[in-house]
Structure formats: structure tokens, C-alpha cells
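A short worksheet on the structure shown next.
The values are calculated or read from the model by the stated rules, or taken from the named source; none is laboratory data. Bear in mind that the values here come from a model prediction, so they are computed numbers and not experimental data. No Cβ is skipped: glycine too gets one built from the backbone with ideal geometry, and neighbour counts run over all protein chains shown. Remember, those area values only see protein heavy atoms, side chains included, never the ligands or the DNA or RNA. Shrake-Rupley method; radii C 1.70, N 1.55, O 1.52, S 1.80 Å.
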Amino acid sequence: EDLIERKKATRKRVRAALKELTEEQMSTESAQICEALLSTLQIFATENPPERGRPVRLGLYVHCAKLREVDTRPLLETALGLPNCEVYVPIVDDAKKDGESEGVRPAMRFLQIRNLDDDLERKTMGIMEPKEFLADGVTRRQNLEHLWDVPESNPRPLDVLLMPGLAFDSAGARCGRGGGYYDAFVDRYFDRCEASGYEPPPLVALAFSAQVLPAGEVPMARWDRRVDALATADGVL
């Protein structure tokens, strides 16, 4: 109970700090964060040769302005323009809306997109998510986790997962917004990676300066996962 209350207090503290940011500040920091990632991560290299015929795979969120998230459009545009990169973005399944029982863990899938203008649609809170079907209205979009079931797809995991959050610290602690979507996905995906003999992808979080707290000030349960790196306006830490 104490942990729950501390997480609530942390979320309240960081939401208040985010509200103080101007549109100009968020735009400037977003550009700096994207520039740092584009110059640091190998996945964004213009020449990214296949590894034994395998494409590189990027998991990345589409930012939501209402939630004051770091704008990822430059990253998405760059990755989609690379000849050997598959891009997967999240779609949320509402268990309660679908009539499932209480207690079901939040469900989020990552589907492949090829075009920002054609492959996304606006959902709850104005969040852009991938369309479930391709343009023919019949063929389902490629689900990242279904690659395991298609051996010829070279089902190695993501090379990196770029993720949002609400509060972070310099030691890699992460506190989400409380929905548990990323926690549930990462737990499930990492278990599948390890069961298949693959190293899980590194987790890299994107954060405005207002979201980064001193080390030790982001409460975490023993089962919460830390991120491997934090991308801020100061660089990739």
C-alpha cells in the first residue's frame, strides 16, 4: 500500500512538472532527444546491412500530444525510410470493452507499419495506433509476436524497444502512467525471447527533463523492470 501511494505521489509530481512545459520547450527537447538517438543507435544507420538475411526490427511508440510525450515522428520517419528496417508500433486492446473478465492483465500488441499517413488511425485520447488490417480490409497487419510462429520470417526479436513513461531516474527506474500496458507486454515478450533462446531487446525510454528525478526518487516494486538507457535532451544516458 505504501508503494502504491508513493507511485501516486510521484505521478502527481511529474504531471505537474510536465504541465509547466511550454510547447516550445517540448518541441526543442523532442528534437534534441531524437537527434541524440539518431546519432547514437546503430539501428538508424543509413547503411544497415542485413544480418544473415535478417531485417533490423524497431519497436517504437507514436507520441500523444495530450499526454505530453516526447515527439517520435522524426524517428519513425527515419526508420520507415531505411531499406532494411521493420517498424512496429503499439495498439491497445481494452479487455473490459471486449467483455473479458476482471483481473485480465492489460493487453498491448505491436503491429508493423510501413507508412505514417496510411497505416495509423486516431483512437482514445487522440492516440494514433496502427490499423488492424491492411488496405485490402482483409489481411491482418503483421503482429510482432506472431513472427515466432513463422520460421521463414527469421523470428529474432526486436533490436531495441523505444518506450514512453511518466517518471524516470538516472539509475534506470521507470514509473508509467498506471495502466500497466508496457509492463505486461515487456514481461510477456521477454519471457518468449528467453524461452526461444534469444537475448531480449534493450529498453530505451524517452523523457523530457521534467520527467527525470534524482536517483532513488522513483518508487519501484521488486518486479518492476528498469530501462537500459534513458534518452533526454542531454543525450542518451
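Just a few scattered comments:
- Among the residues here, ALA45 qualifies as open to solvent by 20 Å² or more (accessible area, probe 1.4 Å) and either at pLDDT 95 or above or more than 17 Å from the chain's Cα centre (by Cα) (or both).
- Of all the residues in the stretch 191-233, those that are of a type in the set (Val, Ile, Thr) and touching a Cys at 6+ places or on another chain (Cβ under 9 Å) number 1.
- Residue within the stretch 200-210 that is open to solvent by less than 20 Å² (accessible area, probe 1.4 Å), over 21 Å from PHE110 (Cβ atoms) and more than 13 Å from the chain's Cα centre (by Cα) present: yes
- Of all the numbered requirements in (1) out of contact with any Lys or Arg (no Cβ under 6 Å at 6 or more places or on another chain); (2) without any contact (Cβ under 8 Å) to a residue 60 or more places away in the chain, GLY172 misses one, and that requirement is (1).
- The stretch 109-155, residues that are open to solvent by less than 70 Å² (accessible area, probe 1.4 Å), more than 27 Å from ARG192 (Cα to Cα) and of a type in the set (Gly, Ala, Ser): GLY126, GLY137
For (1) touching a helix residue (DSSP H, G or I) at 6+ places or on another chain (Cβ under 8 Å); (2) open to solvent by 70 Å² or more (accessible area, probe 1.4 Å); (3) over 27 Å from LEU75 (Cα atoms); (4) not basic (Lys, Arg), each residue gets a yes or a no:
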{"position": "GLU194", "(1), (2), (3), (4)": "no, yes, yes, yes"}
{"position": "ARG222", "(1), (2), (3), (4)": "no, yes, yes, no"}
{"position": "VAL227", "(1), (2), (3), (4)": "no, no, no, yes"}
{"position": "ALA233", "(1), (2), (3), (4)": "yes, no, no, yes"}
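- Long-range neighbours under 8 Å by Cβ, at least six apart or interchain, first residue touching a residue at least 24 places away in the same chain (Cβ under 8 Å) and over 18 Å from GLU129 (Cβ atoms) within the stretch 55-75, second in a strand (DSSP E or B) and among the charged types (D, E, K, R): PRO55/GLU86; VAL56/GLU86; ARG57/GLU86
- Only one of the numbered conditions (1) of a type in the set (A, V, I, L, M); (2) at pLDDT 90 or above; (3) surrounded by 15 or more Cβ atoms within 10 Å (Cβ to Cβ) is violated by LEU67, and that is (3).
- Search result, residues across the stretch 214-232 that are acidic (Asp, Glu) and closer than 26 Å to LEU41 by Cβ: ASP224, ASP228
- For beta carbons closer than 7 Å, sequence separation of 6+ or different chains, a first residue in the stretch 76-103 that is farther than 21 Å from PRO164 by Cα and in a loop (DSSP other than H, G, I, E, B) and a second that is modelled with pLDDT under 85 and open to solvent by less than 60 Å² (accessible area, probe 1.4 Å), the qualifying pairs are LEU82/ASN48; ASN84/ASN48; ASN84/PRO55.
- Selection from the stretch 65-85 of residues that are in contact with a His (Cβ under 8 Å, 6 or more places away or on another chain), over 14 Å from LYS19 (Cα atoms) and not charged (D, E, K, R): THR72
- Residue pairs meeting the criteria (Cβ under 8 Å; at least 6 apart or on separate chains; first small (Gly, Ala, Ser), in the stretch 209-237; second part of a strand (DSSP E or B) and at pLDDT below 95): ALA215/ASP169; GLY216/ASP169; ALA229/VAL236
- Residue within the stretch 77-91 that is under 24 Å from ALA229 (Cβ atoms), modelled with pLDDT of 90 or more, open to solvent by 20 Å² or more (accessible area, probe 1.4 Å) and among the acidic types (Asp, Glu) present: yes
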